[in-house]
Each structure stands twice: as structure tokens, then as C-alpha cells.
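What follows is calculated from the coordinates using simple rules that are stated; it is not laboratory data. Fair warning: this is a prediction, and the values are worked out from it, not measured in the lab. Cβ coordinates were reconstructed from backbone atoms using ideal geometry, including for glycine residues, and neighbour counts include every protein chain displayed.
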């Protein structure tokens, strides 16, 4: 198919990230919706690896996995998701 070497590396990074995603687990002990404190990650090493592979800032990735973002009436609201929502990524 004559992929360029950078395209091949990109494909492998995506595949590796997907495999690492299967190892992500959440801990609901830190969840406090009143204080907008999200679930924590039981194995942050996996998340850090995904961050590196996808070239995404670790903190942005954490927020993406643990918060819902909604726009209501022109205002943007970020709320914490439960452990179940984090695991199934229900938005």
C-alpha cells in the first residue's frame, strides 16, 4: 500500500494506545461530585503511556476520561463522571 514510515508509526501508536486503554481502571474513592473531584486512576502508568503514544497532555487526557462537558445556554459546564460512566465512556 506504500505507506510512508511516519504513517506506519502513527498506526502502531494508535493500535498500542487502544491496547493500553483496556488496562485502564478507575478508583471511585476520590469521587466527590459536590467538590467536582473526579475518580482517580488505579494505574496511572498506563494512562501516561497512552498520553505519550498519542502526543496528548496527560492532564487533558485525565479530564477527558473523567469529566463530561456540556454547553447549556451559552455556558460550559464540566461535571465529574461516576466510575461506571468512566469505564463505559457514556457521554
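Structural remarks
- Label corresponding to Rg and Dmax of the Cα atoms in Å when calculated from the structure given, among (i) 15.6, 53; (ii) 40.5, 134; (iii) 13.1, 37: (i)
- Where labels lie 7 Å past Cα in the beta-carbon direction, separation of residue 24 and residue 70 in nm: 2.2
- Nearest 10 degrees, 0 to 90: helix 5-21 Cα axis against the chain principal axis: 40
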